[in-house]
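Visitor: The structure under discussion is supplied below as C-alpha cells; questions concerning it will follow.
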Amino acid sequence: MGQNMKTIDALNMNYRDLNNLISETAEVDKNITLGNVYGQRYIGRGLPKKVKIKIYGTPGNDMAAYMDGAELEIFGNAQDAVGNTMNDGKIIVHGSCGDTAGYSMRGGEIYVEGNVGYRVGIHMKEYREMKPIIVAGGKAGDFLGEYMAGGAIILLGMNLKKDEDLTGRFCGTGMHGGTIYLNGKTEKYKLGKEAVKVKLDETDITFLKKHIDLYSKYFKKDLTALKPELFVKYCAVNKNPYKNMYCRY
Amino acid sequence: MSIDFNTPAFEVIRDEKRCIQCKVCVQQCANSVHAYDEEEDIVKADDMKCVNCHRCVLLCPTRALKIKKYSLEFKENANWTSTAINEIYKQAQTGGVLLSSMGNPKPFPIYWDKMLLNASQVTNPSIDPLREPMETKVMLGRKPEKLEFDLNGKLITEIPPQLELNIPIMFSAMSYGSISRNAHESLARAASELGIFYNTGEGGLNRDFYKYGKNTIVQVASGRFGVNKDYLNAGAAIEIKIGQGAKPGIGGHLPGEKVDEDVSATRMIPEGSDAISPAPHHDIYSIEDLRQLIYSLKEVTDYKKPVFVKIAAVHNAAAIASGIARAGADAIVIDGFRGGTGAAPTRVRDNVGIPVELALATIDQRLREEGIRNQVSIIAAGSIRNSADIVKAIALGADAVYIASAAVIALGCHMCHACSTGKCNWGIATQEPELVKRLNPDIMYKRLINLISAWNHEIQEILGGMGINAIDSLRGNRLMLRGIDINDKELEILGIKYAGE
Ligand code: SF4
Ligand code: SF4
C-alpha cells in the first residue's frame, strides 16, 4: 500500500458501472483496491501497464479479458476464463481458479496459489518476445493446455491428496507449440497424442527456478523442497500436427 | 507403389499453329503445367496438374490455348459418377480427408431462382431512380423499443451503436492468410470509397490496414488470432464467428506453410506454425456464455461498436438466432451452405447446412413472432450472386448482405476451386510474393467499386419498378415475392405466395 491507494467499494455495483469507475479512477490513481467484489465480470478488461488492482472478494468470469499490462492481485478465488485473450500483465490469485484460465492468452503471467479447472491454458500462444505463463500451485482439470500454441504452463502439484492426480485427462491434446511442466508425471493414457515427453535442459531448470521463486515470493511459501530437476516436460510432437490429414482436391 | 488411378480433370489444348513458344504460359502457371522442351522447341503440358484457372489461356498472346474437361468417360452410371469414383481413388491412395475450396457445387435447389419479384402497374406508379430520390442507405444495429424526448424535444433515449451503409452490401470475412495482402487492400479501399464495410476474417488486422478502420469489421473467432484491445478498437464493428456456411461445426486450419512473416505478424503467432481455430469457442457452451463474450467485447470497446454474431445456416437456425438476439448481439449474420471457403472438408462443404434463403425466412419470421426483430439486424450471406439475389434477400427479411465469392470473382478469381493449394494464379488465395504481385490493388479496388455501384443501380431500378423509394420499405416485404416451381412446404417456409396468386 503506502502511496495514494484508492479504494472502491464494489458492493451492489453492476459490472458496467464498476469497470467504468475502475477505468476512470485508473486515469488518476494507478493503485486501486476493490472491496466487496461479488462476481462482477470483466474486472481489469483491457487495462494498460502500471495499473495495479487489489481485489477482495470473488471476481466474476472473464477477469482480465484482453488485459494489456495491468497487475491484478486477488485475495480470494477467481472464476472462469481468467485472463481470456490477455495480451500482457500479471495476475496473482490467492486461491483457486475456474475453467479456461488463460484462454488464448498471448502474453503476461497468471499465478494461482491453488488449483485450476478444466481447459486451462487452452490455445495459449506466443508471439516474438511475448510468452505467456501460467503457474499453479496445485492440480489441473481435464484438457490442460489443449490446442496450446505457445507459452508455458507450470503445475507445482502441491498439497495433493493421496488419490488425487496432478492433471486430468487429455493433457496437451491438439498441442502445437509451448511447454507444459509438471511436478510429477501424468499417466500416459492421460496425455493427448499431439504431446510428447521431452528431457529437461539447463534453460528449463533456470526457467522453472525463476518461476518457483516468484511463486514462493507471491504466496510467501517456502518451496526449497521443490526440485526443478525432477519436473517432467511436455512439448508438441510438431507444430504442424495435421499436415498429412488432408488430401487436396 | 501402386499406380495412380486418377486421371487428369482437364486437358490443355495447344494450337501448335498459333503457339510461338514465347513461354508466357510456362512462367504464368504456378502449377508447373507448361514446360518448354528445348530439343523439340515446343511447349508441352502436363494435364494432370492443371486446375483450370484460365490464367494461361487469358495471357497467351496468340490465343493458342484452350482448357477442356478431360474427356475420359467411365461407363455411364447415374449413381457411380466419375466424381464419386475419383474421390475413392484419391482417398484410397492418400488416406486423407478430402479437402475442397469455394462453395458447395452440388445441384441443390437455389431458391433465389425460384422467387420472382413484383412491379407496379397502373395503381401504384413506378419510380424512375435516375431522376427521383431513391434511398439505399441502411443502418445496422439494435433499434430501441421506443424513443423518448425531453420537454425541449431533445432525444433522451440512448441509441445503441449503428453502422451506416451507403449500400446494403458488405464484403464478407476472408482472413489475411487465406487471401493475399493485395486482395485485402483492394477490399479495404473499395469499402472505404463506397461507404460500406469489409471484414478482416479471423486472421487479425495488419497494422498497415488500420487506416481503413472506419470501414472495417474485425472478426473474433475461436482461435482469437491477432485479437487484442487495439484490434478490437480498430474497426467499426466486431463480428464473433461461431460458424461458417461452407463448414458448419468445423474449425479452421491455416497450414503453417502459409504463415509467412507478414501473416505471422498479423495473426500474432510464430512463422510456420499452424493456425488452428478450434471448432467451438471454448468459452462458449451456451447462449449465456455467448452473452458473456458479446459483453466482454462491448466492455473493452466502451459499448461503442455493434457486435455481430455469425452462424452457419443449420436446421434450427431460427431458435439459435432468437438466442443470439437475446444474448445482446446487435446483428446476426446467417451464412448459407453455398458460402465459399479457402478450404473445407469436402463432405462437410457438400452435405452440411441449409440454403440461406430458407434460414433467412425462418429467422426473420421467428424474430417477428417473438417481437424482437427490432433488437437485431440480419445480414444474409452465402453465395449472393447478383443484385436480384440481394433484392430478394431483403424482401425475405435481411437488412443487408455479405458477399465474398462475388467479390473475389470481381478481383479475377476464375472459380477453379484450388484455393487450398496456396498457388492461386490470380494472386488471391496465395501468399507467394510472385503470385500476390499479379493482383494490383490500384486497379482491382476499382473493379470492386464498379461491381457494387452497378448492383446498387440495379437495386434502385428494381425498387423503382416496385414503386418503392427506400430500401427500408422493402425489408421483410414478402408480398413483393412470388414462388415458382416449388412446393407448398417451401412456400410456407419462405412465407410467400405462388406466382399467379
Ligand atoms: S492451372 Fe491454370 S495456368 Fe496452369 S495450365 Fe491450367 S489453366 Fe493454365
Ligand atoms: S481464389 Fe484463386 S485459387 Fe481460389 S478459386 Fe479463385 S482463382 Fe482459383
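Laboratory data are not the source of any read-out in this text; all were calculated from the coordinates shown. This one's a predicted model, so the numbers in the text were calculated from it and none came from an experiment. Ideal geometry is used to build each Cβ from the backbone, glycine not excepted, and the neighbour counts take in all protein chains shown.
Visitor: Set the Förster radius R0 to 45 Å, insert the Cβ-Cβ distance between B:H54 and A:Y189 as r into 1/(1 + (r/R0)^6), and round the FRET efficiency to 0.05.
Guide: It comes out at approximately 0.25.
Visitor: Over all residues in B:270-283, what is the mean tally of Cβ atoms on other chains that come within 10 Å of each residue's Cβ?
Guide: Taking all residues of B:270-283 together, the mean is 6.
Visitor: Something else about it: For a 28 Å ceiling on Cα separation, which of these pairs sit above it: B:K146/B:K211; A:K139/A:K239; A:K125/B:K241; B:K247/B:K304; A:K131/A:K217?
Guide: B:K146/B:K211; B:K247/B:K304
Visitor: For chain B, what is the mean residue ellipticity at 222 nm derived from helices alone (per DSSP H run of n ≥ 4: -39500 (n - 2.57); sum divided by total residues; nearest 500 deg cm²/dmol)?
Guide: -8500 deg cm²/dmol
Visitor: Which of A:V232, A:V135 comes first, and how do the rest follow, when ranked by fewest Cβ neighbours within 10 Å?
Guide: A:V232, A:V135
Visitor: Something else: Under the rule a/c < 1.5 gives rounded, and otherwise a/b versus b/c splits prolate from oblate, where does segment B:457-501 land using the Cα gyration tensor?
Guide: Prolate.
Visitor: Let me ask another. Computed over the Cα atoms, what is the radius of gyration of segment B:10-96 divided by 2.2 N^0.38 Å, N being its residue count?
Guide: Normalised Rg, Cα atoms only: 1.31.
Visitor: Tell me which aspartates and glutamates have Cα within less than 14 Å of A:K209's Cα, excluding those fewer than 8 residues away on the same chain?
Guide: Straight-distance partners of A:K209: A:D201, A:D222, A:E229.
Visitor: If you don't mind, another one. From the square roots a ≥ b ≥ c of the eigenvalues of the alpha-carbon gyration tensor of the protein assembly as shown, which class results: rounded (a/c under 1.5), prolate (a/b over b/c), or oblate?
Guide: oblate
Visitor: Quick check for me: using +1 on Lys/Arg Cβ and -1 on Asp/Glu Cβ, what's the dipole size of chain B about its Cα centre, in debye to the nearest 20?
Guide: With only Lys, Arg, Asp and Glu charged at Cβ, the dipole is about 380 debye.
Visitor: Based on the mean of other beta carbon atoms within 10 Å per residue, what is the order of B:206-218, B:431-443, most packed first?
Guide: My ranking of the peptides, most packed first, is B:206-218, B:431-443.
Visitor: Residue by residue through segment B:266-272, what is 3J(HN,Hα) from phi via Karplus (6.51 cos²θ - 1.76 cosθ + 1.60, θ = phi - 60°)? Round to whole Hz and write x for glycine and proline.
Guide: 6, 7, 6, 9, x, 4, x
Visitor: Show me, for segment A:173-181, the HN-Hα J-couplings you get by feeding each phi into the Karplus relation (A = 6.51, B = -1.76, C = 1.60, θ = phi - 60°), rounded to Hz, glycine and proline as x.
Guide: Karplus-based 3J(HN,Hα) across segment A:173-181 equals 6, x, 5, 9, x, x, 9, 10, 10 Hz.
Visitor: If you take each beta carbon of peptide A:234-245 and count the beta carbons of other chains within 10 angstrom, what is the mean?
Guide: For this peptide, the per-residue mean of nearby foreign Cβ atoms is 4.
Visitor: Report, by chain and number, residues whose modeled amide H sits under 5 Å from the one on B:D302, excluding near sequence neighbours (fewer than 5 apart, same chain).
Guide: Residues meeting the amide H criterion: none.
Visitor: How tilted is helix B:287-300 with respect to the longest principal axis of chain B? Cα atoms for both, answer in degrees (0 to 90, nearest 10).
Guide: 90
Visitor: Still on this structure, please answer the following. Need one value for A:147-155: mean number of C-beta atoms belonging to other chains within 10 Å of its residues' C-beta atoms.
Guide: Rounded to a whole number, the mean comes out at 2.
Visitor: What is chain A's relative contact order, in percent, from Cα pairs under 8 angstrom and six or more apart in sequence?
Guide: 10
Visitor: From the backbone phi of segment A:203-211, what are the Karplus-calculated ³J(HN,Hα) couplings (6.51 cos²θ - 1.76 cosθ + 1.60, θ = phi - 60°) in whole Hz, Gly and Pro given as x?
Guide: With the stated coefficients, segment A:203-211 comes to 4, 4, 5, 4, 4, 4, 4, 4, 7 Hz.
Visitor: Further, regarding this structure: Can you tell me the relative contact order of chain B? Whole percent, Cα pairs under 8 Å, sequence separation 6 or more.
Guide: Over chain B, the number comes to 19 percent.
Visitor: Just how large is the dipole of segment A:1-154 about the Cα centre, in debye to the nearest 20, putting +1 at every Lys and Arg Cβ and -1 at every Asp and Glu Cβ?
Guide: 220
Visitor: Let me ask you something else. Could you state the orientation-averaged shadow area of the convex hull built on the Cα atoms of segment B:416-501, in nm² to one decimal?
Guide: Hull-based average projected area comes out at 9.4 nm².
Visitor: Using only alpha carbons, build the gyration tensor for chain B and give me the equivalent ellipsoid semi-axes, biggest first, whole Å.
Guide: 40, 27, 23
Visitor: How high is the relative contact order of segment B:350-412, in percent, counting Cα pairs under 8 Å that sit 6 or more residues apart?
Guide: Computed value for segment B:350-412: 35 percent relative contact order.
Visitor: Could you state the angle between the C-alpha long axis of helix B:82-94 and the longest principal axis of the C-alpha atoms of chain B, as a value from 0 to 90 degrees rounded to the nearest 10?
Guide: The answer is roughly 70 degrees.
Visitor: Using only Cα atoms, find the angle between the long axis of helix B:387-396 and the longest principal axis of chain B, and express it within 0 to 90 degrees, rounded to the nearest 10.
Guide: For helix B:387-396, the angle is close to 40 degrees.
Visitor: While we're here: What does the charge count near B:K489 come to, summing +1 for each Lys or Arg and -1 for each Asp or Glu among other residues with Cβ under 15 Å from its Cβ?
Guide: Net charge in that neighbourhood comes out at -3.
Visitor: Which three extents, in angstrom, do the Cα atoms of segment B:160-224 have along their principal axes, listed largest first?
Guide: 29, 27, 19
Visitor: Give me the number: length gained by fully extending B:D208 to B:C19, i.e. 0.36 nm times residue separation minus the C-alpha to C-alpha distance, one decimal in nm.
Guide: 63.7 nm
Visitor: Obtain the nm distance between the two label points defined at A:T203 and A:D17 by a simple spin-label model: each point lies 7 Å from its Cα along the Cα-to-C-beta direction.
Guide: Using points 7 Å along Cα→Cβ, the separation is 5.1 nm.
Visitor: I'd like to know which of B:I363, B:M268, B:L491 lies farthest towards the positive end of the charge dipole of segment B:138-498, counting +1 on Cβ of Lys and Arg and -1 on Cβ of Asp and Glu.
Guide: B:L491
Visitor: What is the P(r) of segment B:198-295, as percent of Cα-Cα pairs per 10 Å bin from 0?
Guide: Calculated P(r), rounded to whole percents: 16, 45, 34, 4.
Visitor: Find, among the chymotrypsin sites (Phe, Trp or Tyr not before Pro) in segment A:134-229, those assigned to loop by DSSP (not H, G, I, E, B) with at most 14 other beta-carbon atoms within 10 angstrom.
Guide: Nothing satisfies the criteria.
Visitor: Pulled fully out, how much extra length does the chain show between B:F5 and B:Y303, if you take 0.36 nm times their separation in residues and subtract their Cα-Cα distance?
Guide: 101.5 nm
Visitor: Let me ask another. Near the amide H of B:M170, under 5 Å away, which other amide H atoms are found, from residues 5 or more places off or on another chain, if H is placed in the peptide plane?
Guide: B:V401, B:Y402, B:I403
Visitor: Still on this model: Obtain the nm distance between the two label points defined at B:E370 and A:L230 by a simple spin-label model: each point lies 7 Å from its Cα along the Cα-to-C-beta direction.
Guide: 5.6
Visitor: Give me log10 I(q)/I(0) at q = 0.10, 0.11, 0.15, 0.17 Å⁻¹ for segment A:5-246, Debye formula, one equal scatterer per alpha-carbon, no solvent.
Guide: Log-scaled intensity ratios, in q order: -0.44, -0.53, -0.95, -1.17.
Visitor: Near the amide H of B:V220, under 5 Å away, which other amide H atoms are found, from residues 5 or more places off or on another chain, if H is placed in the peptide plane?
Guide: B:E239, B:I240, B:K241
Visitor: Within 10 Å of each residue's Cβ, count the other Cβ atoms and sort B:I167, B:I452, B:I409 from fewest upward.
Guide: Taking fewest neighbouring Cβ atoms as first place, the list is B:I409, B:I167, B:I452.
Visitor: Treating the beta-carbon of each Lys and Arg as +1 and of each Asp and Glu as -1, no other charges, what is the dipole magnitude of the protein assembly as shown about its Cα centre, to the nearest 20 debye?
Guide: Approximately 680 debye in magnitude.
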